[in-house]
Amino acid sequence: MTVFTRTTKNLILKIDEFFDNIELGLLVFKEGIKSYLLNDMEAFAIHIQKIESLESNADRLQRSIENEMITHSILPQHRAEVSSLIEELDEIIDSMKGSLNEFNIEMPDIPSSLNNNLINITEFSVSAAEELIPAARAYFKSPHTVREKLLKVYYYESETDTFSRSTRKIIFQDMKELDLAHKAHLRYIIHHIERISDLAQEAADLLSAMAIKIVM
C-alpha cells in the first residue's frame with residue numbers, strides 16, 4: 001500500500017525536494033563543524049551561507065506542502081501526521097542552522113585535543129538524522145519497510161549519547177587547565193551538536209507510529 005496516488009505527483013515531488021534539502025543540510029552541517037575545528041574560517045562562512053539557503057528552501061517547501069494538502073484535500077486521513085513529520089524534519093535543519101550560527105557568534109575556544117571527540121559526536125549525531133530520511137521517503141512508497149529502516153536512527157542516537165557523555169567526562173574531570181566557565185561553554189556546544197540526533201529520534205518515534213497505522 002502506498003500513501004499517494006498518481007494524482008498527487010506534484011506533492012510527491014515537493015516532499016522529495018524537501019527531503020533533499022534536509023539531506024544536503026546534514027552534509028553541510030557536518031562539514032561546517034569540521035571547518036571550524038580546523039580553523040578554516042573561510043570554508044566555515046561558506047557553510048553557514050549554504051545552511052541558511054537550504055533552511056530557507058525547506059521552510060518554503062514546508063509551507064507549500066501543507067497548503068497543497070489542504071487546498072486539494074490530499075491525504076485527509078493522514079494530513080495532520082504528515083504535517084507533524086515535515087515539521088519535525090524542518091526542526092532538524094533549523095537546529096543545524098542555529099548551531100552553526102552559535103559557533104559563528106560565540107566563537108568557542110575548543111582545545112585541539114578535543115577535535116576528534118567533537119568530530120565523532122558530529123558524525124554520529126548527523127548519521128542518526130541521515131538514516132531517518134530514507135525511512136521518511138519509504139513511508140510514502142512502501143510503509144511496511146519503515147520500521148526496519150529506523151533501527152539505525154536509534155543506534156546512532158545511542159552512540160551520540162555515549163560519545164557525548166565520555167567527552168563531557170574528559171572535559172570536567174581530566175582537563176584541569178580549563179576553568180568552569182570554559183567547561184560549561186564546551187558542554188553547551190556539545191549539546192547543540194547532539195541535539196540533531198535527539199530530534200532525529202523524536203521524528204523516528206513519530207514515523208514509526210505513522211507507519212504502523214498504515215500497514216495495519
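Derivation of every value follows stated rules applied to the coordinates shown; laboratory data play no part. Values in this document were obtained by computation on a predicted structure and should not be read as measured data. Don't worry about glycine lacking a Cβ; one is built from the backbone with ideal geometry, like all the others, and counts go over all protein chains shown.
Can you tell me which residue within the range 110-156, out of those that are among the aliphatic types (A, V, I, L, M) and outside any helix (DSSP H, G or I), is farthest from the chain's Cα centre (by Cα)? This residue is I110.
Filtered by the rule that a residue be touching a residue at least 40 places away in the same chain (Cβ under 8 Å) and surrounded by fewer than 16 Cβ atoms within 10 Å (Cβ to Cβ), the range 92-107 gives G98, N101, E102, N104, E106.
Results for (1) of a type outside the set (V, I, T); (2) surrounded by fewer than 17 Cβ atoms within 10 Å (Cβ to Cβ); (3) under 24 Å from H191 (Cβ atoms), shown as yes or no for each residue.
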residue	(1), (2), (3)
I121	no, no, yes
S125	yes, no, yes
K141	yes, yes, no
E157	yes, no, yes
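Going through the range 200-210 one residue at a time, which ones are surrounded by fewer than 24 Cβ atoms within 10 Å (Cβ to Cβ) and touching a helix residue (DSSP H, G or I) at 6+ places or on another chain (Cβ under 9 Å)? Matches in the range 200-210: Q201, E202, L206, S208, A209, M210. Here's a check for you: in the range 181-212, which residue that is over 21 Å from the mean Cα position of the chain (by Cα) and without any contact (Cβ under 8 Å) to a residue 40 or more places away in the chain is farthest from I119 (Cα to Cα)? Selected residue: A181.
From the list I33, I48, I92, pick out the single residue that is among the aliphatic types (A, V, I, L, M), in contact with a Leu (Cβ under 6 Å, 6 or more places away or on another chain) and closer than 30 Å to D179 by Cβ.
I48
What number of residues within the range 159-180 are under 18 Å from the mean Cα position of the chain (by Cα) and either buried (at least 23 other Cβ atoms within 10 Å of the Cβ) or not in a helix (DSSP H, G or I) (or both)? Of the residues in that region, 1 qualify.
Beta carbons closer than 8 Å, at least 6 apart along the sequence or on distinct chains, pair a first residue in the range 116-131 that is over 8 Å from T160 (Cα atoms) with a second that is among the hydrophobic types (A, V, I, L, M, F, W, C) and outside any helix (DSSP H, G or I) for L118/I110; E131/L150.
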